[in-house]
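Nothing in this text is a laboratory measurement; each read-out follows from the coordinates by a stated rule. Note that this is a predicted model, so its numbers are computed, not measured. Backbone-built Cβ (ideal geometry, glycine too); neighbour counts: all protein chains shown.
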Amino acid sequence: MSIFVDENTKVIVQGLTGGQGRFHGVRNRDYGTKVVGGTSPKKAGTDVEGIPVFANVAEAVDATGATASFVVVPPAGATAAILEAAEAGISFIVCITEGIPAHDEARCYNILKRDFPGTRLLGPNCPGIISPGKCNIGITSGDIALPGGPVGIVSRSGTLTYQALHELSQQGVGQTTCVGIGGDPVPGTNFIDCLEAFEADPDTKAVMMIGEIGGSEEERAAEYIANHMTKPVVSYVAGVTAPPGRKMGHAGAIISGSQGTAQAKMDALSAAGVSVALNPTEAGEKMVAIVKSL
Amino acid sequence: MDLFEYQGKQYFARYGIPVSPGGEAETVDQAMTVAEGLEFPLVVKAQVRVGGRGKAGGIQLADTLDEVRTHATNILGMDIKGHTVHRLWIERSSDIAKEYYVSFTLDRPNKVYIGMLSKEGGVEIETVAEENPDAIIKLSINPLDGLSLETAAKWVSDADLDEEAREQAAALIVKLYTCYVEGDCDLAEINPLILTTDGVVRALDAKVTLDVNATYRHPEWEVWSATDTEDEREAMAKEKGLNYIGLDGSVGIIANGAGLAMSTLDVVQQAGGTAANFLDIGGGANADLMTAAMEVVNADPAVRSIFVNIFGGITRVDEVAKGIIEALRRVDITSPIVLRLDGTNAVEGRALLEPHLNAQLISEPTMLAAARRAVDLAAAPKEG
């Protein structure tokens, strides 16, 4: 099994006719994802390499029965696109857009929470989700993932997500689902949402969690793991050497005072019984050892 | 983007938040001109993005023009916790009766806004939080609800601000909230918010962090972006549109993705070296961006080796490879380069680079091996 998506998930791409939307939308479709349509107000009625383009999400949903959406829209229009998808009844929205103002994200998150409690947003500023061999929504390169489980991956960072997939796949260890939650201050889906789903998924036997500096999500996840997880968790937190007060690329990756340091997060995770690695390669090795002992 | 106090006050003024009249100066002469246009007594304040200016002697009272000259001369060029003072803010001195604290920022765990208000201002809020946490009254605000004058009035009363300050403080706090939200601030903080002896409430300091993601809808921020970076390397990187932070080590870092870039710094340290910088070339890096990244890292005289760590997602490794080849053509790279390339189109990328590999351009199969090689090269004596 997988979490959030599976081989039957029908996806539409908002922004399919743009450069990035076309590249990744077609790539997701070629991977085997059921990409059933795209939207573009000006290009309705055309198609992108055989994927039909609709004027808006509501029409796309009516015509295709899509339940998931992939938002590839520039920052100024991204939250409007997310809300359009929610209004059209989409229940799972993946937004990869980087650079959305934090106040827009906060408003969008709270509108979804208040008016569309059944809708899950993944991202923004995330690589997306891949359930190897079944469904790939986002920008992850499908060939670095290995189907068959038994590992679930959740990560705040895009490229470190690929690195984690790569470390496991090279050792012949597959993944059930790999979720990139993104590095922005207001993520739609957080570590705990994913840990909860992995804990409930019978095919996932162990979880790899990749964190980074900033905020307190890793600490909260540690508390959740200590109290609710029965499955083994391996973790790596990036940014041990990051200087305080500087945003390390991601808007959310900033050490404020003594808050948000990698060391504090690693300590909290260790105390919760998580196997903490010092780099992605070591995290891969620890996970391979765990999987072999299952 | 962190604003200086004077910039923060200018921003506050746009939203109708009362501040003392004043002006900025970068030289003693400018300070004198500003002072001549103001009513004495004045206060001369060092503009640095770090707390503790007062204790370091960076804030001085002046009753005469001569005193302004003395203080301006002393403070300009002063070092405050590693920050050199390049600018002054000179304003009308205030007769302070009471000092309060107010701020708005994002409550990340709960994904709403959090306001903090205290009648104990003028000291570091972290100190108040530690020694007298009950003196800080927190207010959780849903972005969809906003902050009404009514709520603000109850809040100042809950925080036990002095009776005579409450009405003005509530009005000011609503304006600060508007500045925080509509002004796209990550942080809007006034410490101290003062009540003067003649009963006026105003912002005596301003600490504002702007959300650079919102730059596109704030043309008024343009004037402040020039003062944003003081590190020469960072200024050069910014001009080229790169996400760069200067550090003190000798291994230059170029990576794609913030997480991988941070992780690259970590593994360099684990291999016994130190990173010269953080540089995330981001998604969709092309030849121009890669060339720019190489130029910036190469321009840092402390760099002894360059570690290029790429895992292709949006970024296609063949594009990165073309960028590296182009950069080698355009720039005289003085340090050896260690490459680690994986992900989308990695096979094509590695094939493009194969004919160019030599002692100055080395490819390693893994991140750890590449880190070790880059650290070894940085420690080796420099040729020529």
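Extension gain for B:Asp29-B:Glu163 works out to 44.0 nm (0.36 nm per residue, less the C-alpha to C-alpha distance). Restricting the calculation to Cα atoms, every distinct pair contributes to the Kirkwood radius of chain A, found to be 19.0 Å. Taken about its Cα centre, the protein assembly as shown carries a charge dipole of roughly 1840 debye when the Cβ of each Lys and Arg holds +1 and the Cβ of each Asp and Glu holds -1.
With the highest mean first, a sort of the peptides B:174-185, A:126-137, A:109-120 on other beta-carbon atoms found within 10 angstrom per residue produces A:126-137, B:174-185, A:109-120. Axis angle, to the nearest 10 degrees, between helix B:5-14 and the longest C-alpha principal axis of chain B: 70 degrees.
Its residue count N fixes a reference of 2.2 N^0.38 Å for the protein assembly as shown, and the Cα radius of gyration divided by that reference is 1.01. Backbone amide hydrogens, once placed in the peptide plane, bring A:Met208 within less than 5 Å of A:Gly152, A:Ile153, A:Val154, A:Val234, excluding anything fewer than 5 places away on its chain.
Working note: Karplus 6.51/-1.76/1.60 with θ = phi - 60° gives the range A:134-140 the couplings 10, 7, 9, 10, x, 10, 5 Hz, where Gly and Pro are set to x.
Dividing the convex hull volume of the alpha-carbon atoms in the range B:232-379 by its residue count gives 86 Å³ per residue. Spin-label model, B:Glu36/A:Glu87: points 7 Å from Cα along the beta carbon direction are separated by 5.9 nm.
For the range B:48-194, the number of Lys pairs separated by eight or more positions or lying on different chains, with C-alpha atoms closer than 30 Å, is 20. The residues B:Glu164, B:Glu220, A:Glu219, when put in order of fewest to most other Cβ atoms within 10 Å, stand as B:Glu220, B:Glu164, A:Glu219. Can you work out the FRET efficiency for the pair A:Thr46 and A:Ser216, with r the C-beta to C-beta distance and R0 = 60 Å, to the nearest 0.05? For R0 = 60 Å, the calculated efficiency reads 0.85. The local environment of A:Pro124, defined by Cβ-Cβ distances under 11 Å, has a net charge of -4 under the rule Lys, Arg +1 and Asp, Glu -1.
When only the Cβ of Lys, Arg, Asp and Glu is charged (+1, +1, -1, -1), the dipole of the range B:21-92 relative to its Cα centre reaches about 480 debye.
Against the main long axis of the alpha-carbon atoms of chain B, helix B:367-379 sits at an angle near 90°.
The HN-Hα couplings worked out from phi for the range B:183-196 by the Karplus form 6.51 cos²θ - 1.76 cosθ + 1.60 (θ = phi - 60°) are x, 6, 8, 7, 9, 10, 10, 10, 8, x, 8, 10, 10, 7 Hz, whole numbers, x standing for Gly and Pro.
Between A:Asp267 and B:Thr70, take the C-beta separation as r, use R0 = 45 Å, and let me know the FRET efficiency to the nearest 0.05. Given R0 = 45 Å and the Cβ-Cβ separation, E is 0.35. Within a straight-line Cα-Cα reach of under 25 Å, A:Lys134 can be paired with the following lysines, leaving aside sequence neighbours fewer than 8 residues apart in one chain: A:Lys10, A:Lys34, A:Lys205, A:Lys231, A:Lys292. Computed from the Kirkwood radius of its Cα pairs, the Stokes-Einstein diffusion coefficient for chain B at 25 °C and 0.890 mPa s stands at 104 µm²/s.
Counting only alpha carbon atoms, the long axis of helix B:149-158 and the longest principal axis of chain B meet at about 80°.
The average projected area of the range A:10-122, computed from the convex hull of its Cα atoms over all directions, is 6.3 nm². Ordered by the number of other Cβ atoms lying within 10 Å of each residue's own Cβ, fewest first, B:Val68, B:Val303 fall into the sequence B:Val303, B:Val68.
Counting every other Cβ atom within 10 Å of each residue's Cβ, B:Thr196, A:Thr9 order from fewest to most as B:Thr196, A:Thr9.
Within 10 Å of each Cβ of A:239-247, how many other protein chain Cβ atoms are there on average?
Going residue by residue through A:239-247 and averaging, the value is 6.
Altogether, the Stokes-Einstein calculation at 20 °C and 1.002 mPa s, with the Kirkwood radius of the range A:103-199 over Cα pairs as Rh, returns a diffusion coefficient of 156 µm²/s.
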